[in-house]
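For reference, the structure is listed below as structure tokens.
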Amino acid sequence: MNGVRQHILDILKERGQATVADMASALNRASVSLRHHLDILQKQELVRKAGVERRNRRGRPRHVYELTEAASRFFPHSYASLADELLKEMKQRLPAEEVTAFFQRLAVEAASGQATDQQQGIEERLTIASRFLSEKGYLARWERQDGGGYLLHMFNCPYEGLAAGHSELCEMDLLLVSKLLKLTPQQVAHAVAGDHRCSYLIE
């Protein structure tokens, strides 16, 4: 992120809303320069106009800007450390079979609303599953193997930083994929093991 644009995001994060004049004053920069950066941030859907500021004195109303939800990724979060502590606490307090059952329920419930069944062709099921998984942040796609069969790839792990210490998350993903496809695939690549993706073979 460009330094000036990050400063704009920081100001809007602190104040909630601000005009170009507010930001130009805070950054000691010309308004025309700020407008250029704001145009870029709006095109990136990180900032939006929230309305106008009416002034008592004569002059044009000034636009007020605010952050979009997408801008949150440019600010630090501690979700991973919190989730890690919660998972550790759960595993210390519950029997292993209850922990396993908990993650299995999550996978089954997540897959239950997807319109796949065994009457559909495998490619249709793979397409539905890939779309669903991508919406959940997995960045999934499938491909047909030259020698027969299919591969379902997941290029992003939503649990990055957690999965290495909590194998239950990977087991949950395998069950989720199995429920979506209505069959049990074979995992042939694993991000936790050093591969750059998780891949499942459907023969």
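Some observations on this one:
- Amide hydrogen neighbours beyond the local backbone of VAL47, cut-off 5 Å, H modeled: GLN42, THR68
- Placing unit charges on the Cβ atoms only, positive for Lys and Arg and negative for Asp and Glu, gives region 3-74 a dipole magnitude near 420 debye about its Cα centre.
- Dipole of region 1-112 [Lys/Arg +1, Asp/Glu -1 at C-beta], most positive-end residue of PHE103, GLY3, THR19: THR19
- Based on DSSP H segments of at least four residues, each scored -39500 (n - 2.57), the chain has a per-residue ellipticity at 222 nm of -15000 deg cm²/dmol.
- Nearest-ten-degree value, helix 31-43 long axis tilted from longest Cα axis of the chain: 20 degrees
- For region 135-140, the Karplus equation 6.51 cos²θ - 1.76 cosθ + 1.60, evaluated at θ = phi - 60°, returns couplings of 4, 8, x, 7, 6, 9 Hz by residue, with Gly and Pro reported as x.
- For the chain, the fraction of alpha-carbon pairs in successive 5 Å shells from zero, as %: 1, 6, 12, 13, 11, 10, 9, 10, 9, 8, 6, 3, 2, 1, 0, 0
- Under-5 Å amide H pairs with TYR65, H placed in peptide plane, nonlocal only: ALA18, THR19, ALA50
- Spin-label zone in region 161-189 - amide nitrogen under 15 Å from a point set 7 Å from the Cα of GLU89 along the C-beta vector: none
- Region 105-111 - phi-based ³J(HN,Hα) in whole Hz, Karplus 6.51/-1.76/1.60, Gly and Pro as x: 4, 4, 5, 5, 5, 5, 7
- For region 3-74, the mean projected area of the C-alpha convex hull, equal to one quarter of the hull surface, is 4.8 nm².
- Student exercise, the chain dipole from Lys, Arg, Asp, Glu Cβ charges, in Debye to nearest 20: 1740 debye
Any read-out appearing in this document is the output of simple, stated calculations on the displayed coordinates, not a laboratory observation. Predicted model only: the values in this text are computed from it and were never measured. Heads up, the Cβs are rebuilt from the backbone with ideal geometry, glycines too, and the neighbour counts pull from every protein chain shown.
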